[in-house]
1. At 0.36 nm per residue, and after removing the present C-alpha to C-alpha distance, how many nm does the segment from N63 to Q35 gain when stretched out fully?
2. With each label point set 7 Å from Cα along the Cα-Cβ vector, what nm distance links M70 and M27?
3. Over the stretch 19-78, what is the mean sequence separation of C-alpha contacts under 8 Å (at least six apart), divided by residue count, expressed as relative contact order in percent?
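Nothing in this text is a laboratory measurement; each read-out follows from the coordinates by a stated rule. Given the structure is predicted, the values throughout are model-derived calculations rather than measurements. For neighbour counting, all protein chains shown are included, and Cβ atoms are generated from backbone atoms with ideal geometry for every residue, glycine included.
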Amino acid sequence: MPFYHEELLPEPLPSPVPTVFFDPLIMRDSRFLFQYIGPRYQKMHLIPLPNVGHEVLKPISKNGELSRLMVKILRGKSVKYKIDPLDQ
């Protein structure tokens with residue numbers, strides 16, 4: 001299935017380094033991330049969350065962790081996150 005997206009220019013973008021939460025098992029999302037977004041942001045902080053689906057922030061929000069993670073990201077702190085598939 002083709003992607004329908006506004007044209008993304010090939011030039012790399014300057015900082016800040018984006019933090020990207022994604023489900024690596026959703027092949028369409030992974031392909032879009034690495035094929036279209038990755039070349040623009042040569043440095044990305046990737047947080048893979050397998051088995052959470054396309055809407056990766058929903059389980060984080062459901063667990064009450066979303067605001068804490070966003071504050072850490074906005075303050076430039078390192079973020080690591082794992083989600084228990086049983087908590088979804």
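1. Working: separation 28, 0.36 × 28 = 10.08 nm, distance 3.07 nm.
Value of the extension gain: 7.0 nm.
2. Result: 3.4 nm between the two label points.
3. On the way: 51 pairs, mean separation 23.1, N = 60.
Once normalised by length, the contact order is 39 percent.
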